[in-house]
1. Given H placed on each backbone N at 1.01 Å, which residues far from residue 27 in sequence or on other chains put an amide H within less than 5 Å of it?
2. What are the ³J(HN,Hα) values, in whole Hz, obtained from phi via the Karplus relation 6.51 cos²θ - 1.76 cosθ + 1.60 with θ = phi - 60°, for each residue of the stretch 74-82 in sequence order, with x given for Gly and Pro?
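Nothing in this text is a laboratory measurement; each read-out follows from the coordinates by a stated rule. Small disclaimer: the values here were computed from a predicted structure and weren't measured.
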Amino acid sequence: MTVTSLNLEGIMADPNQAIRAIENACRVLHERDDDFNALLDAVGDARLVLIGEASHGTHEFYQTRARITRELIEEKGFSAVVAEADCKIRIIK
């Protein structure tokens, strides 16, 4: 899974520049604790975090997304998580 933290303000007029900014900011998660610590550091005090992936349906993605969701709620105080997904709706309590 790849994560990114960046500000696209001012570069959206040039799609190629936006793509390069996203590619340069992405980081791969290897399921190590320090990966998730770096992810939470990158989130900072953001009010909105977008999570995307290309596999749509792999066990590893759902497992990682569940961990990211827990971390965002427990460590960053998020109260809602909305995910674009092609899976059954699940409520996390």
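1. 3, 4
2. Couplings: 6, 9, 10, x, 5, 10, 8, 9, 10 Hz.
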